[in-house]
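Before any comments, here is the structure.
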Amino acid sequence: REVISIHVGQAGVQIGNAAWELFCLEHGIQPDGKMSIRNTQQNDDSFSTFFSETGTGHHVPRAILVDLEPSVIDAIRKGPYKHLFHPEQLVTGQEDAANNYARGHYTVGKEIIDVVLDRIRRIAENCTGLQGFLIFHSFGGGTGSGFTSLLMERLSVDYGKKSKLEFSIYPAPQVSTAVVEPYNSILKTHTTLEHSDCSFMVDNEAIYDICRRNLDIERP
């Protein structure tokens, strides 16, 4: 019973970077994808929901990370978990959506959607009982809203009976990075209502407050 995680845009990719670090810690998988000796002896295969094991003993996340511009994913390509992901799982374009839903959905996003769907198909073919998709993104960004809408519409066509769960960062007026975030959110919400089975919303301002109050991070 496998699940494919899809991380879209800067917010989705940064959540993914943190989430996969935690998944690896939970299952005793090292940053290079190798299982630690202690976990190997326990003969526990619960990791197979999120990871696939290669012939060489590497554990590769069942995940795709997508962004229309390369800088955020480049940080993963050069970071401590650069050997965890297969290069084909990290998909980047050349220019970002500039906080514009239309660019993410209709112009720039349209250029890489087929590549992304092909990579998802390859991961899906490697699953014995695919249960569905976890989609991580923001509502306010151009890629997070526009490209995610396009992707979910296409996933509904290709994998109609599979569940699609969203983990979404919803914009807040106090910590806004772009004046057009409300427009992007409304357009994305329309797609969510139609194509998402369940959506977990996280208010951006609430996350900032948690960072300051509970985690002692002065400038989140």
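Only the coordinates and a few stated rules stand behind these numbers; no lab work does. Since the structure is predicted, the reported quantities are computational estimates derived from the model, not experimental observations. With ideal geometry, Cβ positions are generated from the backbone for all residues, glycine too; neighbour counts draw on all protein chains shown.
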Worksheet entry | Relative contact order of the chain, defined on C-alpha pairs under 8 angstrom at six or more residues apart (%) | 22
Worksheet item: What is the distance, in nm, between label points placed 7 Å from the Cα along the Cα-to-Cβ direction at Thr177 and at Cys127?
Response: 2.8
Practice prompt. Would you please give the FRET efficiency between Glu21 and Thr56, computed as 1/(1 + (r/R0)^6) with r the Cβ-Cβ distance and R0 = 25 Å, to the nearest 0.05?
Written response: 0.70
Response to the item:
Labelled set (i) 53, 44, 31; (ii) 69, 34, 20; (iii) 58, 39, 36; Cα extents along the principal axes in Å computed from this model equals the value at (i)
Discussion item. Quick check: the angle from helix 108-125's long axis to the longest principal axis of the chain, C-alpha only, nearest 10 degrees?
Written reply: 30
Worksheet item: Mean residue ellipticity at 222 nm from the helices of the chain, using -39,500 (n - 2.57) per DSSP H segment of n ≥ 4 over the full residue count, to the nearest 500 deg cm²/dmol?
Response: -12500 deg cm²/dmol
Worksheet item: Against the longest principal axis of the chain, how steep is helix 148-158, in degrees 0 to 90 to the nearest 10, with axes from Cα atoms?
Response: 60
Discussion item. Rounding to the nearest 10 and keeping the result within 0 to 90°, find how far the Cα-based axis of helix 9-27 lies from the longest principal axis of the chain.
Written reply: 20
